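The structure appears below as structure tokens.
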Amino acid sequence: MSKAVHRRYVAFSDAHYAGNLVDGAYALKLFGDVGTNLSIETDGHEGLFAGYSSVEFLAPVRGGDVVEAEARLVRKGNRSRTVDFELRVICRAADDSGRSRTLETPLVAVRARGTAVIPTEDAE
């Protein structure tokens, strides 16, 4: 099935917690963006996100990371779309000096499953 992928640098200003941690809402925002991208490519419409059936926070995301957000279409109904999301850390800041390293194996930080709906033409 179809998928869309976005990569983004996580600014140090996005970190709000001790240990330079970024809140979980950061991942959900990225899922919204990549899910919209998937809807446009799949259906020619941004779609409307109905909700998440599951969200798992598996590993920390930190300021200075480079992350990759993926949305993968797993089921296509008449108007509903089931989408699996995954946020992976692909580069990690070594410290606050600006040095970073690319991870040999991306670190899966967040997984989620959600439902998007493509409105009918006559809906307002």
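What follows draws every value from the coordinates through simple rules; no lab data is involved. Note that this is a predicted model, so its numbers are computed, not measured. Note: ideal-geometry Cβ built from the backbone for every residue, glycine included; neighbour counts use all protein chains shown.
Tabulated results
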item: Candidates Glu41, Glu70, Glu86, ranked by Gaussian network fluctuation over the chain, Cα under 10 Å, top entry; result: Glu41
item: Computed lengthening from Glu46 to Glu104, 0.36 nm per intervening residue step minus Cα-Cα distance; result: 17.5 nm
item: Selected from Phe57, Phe85, Phe31 as most flexible by GNM, with the chain as the system and alpha-carbon contacts under 10 Å; result: Phe57
item: Crossing angle, helix 24-43 versus the chain [Cα axis fit, 0-90 degrees, rounded to tens]; result: 40
item: Environment charge at Arg72 (Cβ cut-off 9 Å; Lys +1, Arg +1, Asp -1, Glu -1); result: -2
item: Most fluctuating residue given options Arg79, Arg113, Arg62, as computed from a GNM of the chain linking Cα atoms under 10 Å; result: Arg79
item: Ascending count of other beta-carbon atoms within 10 Å, so fewest first, for Lys3, Lys29; result: Lys29, Lys3
item: Added length on full extension, which subtracts the Cα-Cα distance from 0.36 nm per residue, Leu21 to Ser54; result: 9.7 nm
item: In sequence order, calculated HN-Hα J values of the stretch 3-13 (Karplus, 6.51, -1.76, 1.60; Hz; x Gly/Pro); result: 8, 9, 9, 10, 10, 8, 7, 8, 5, 4, 5
item: Label point distance in nm, Ala11-Asp95, each placed 7 Å from Cα along Cα→Cβ; result: 2.5
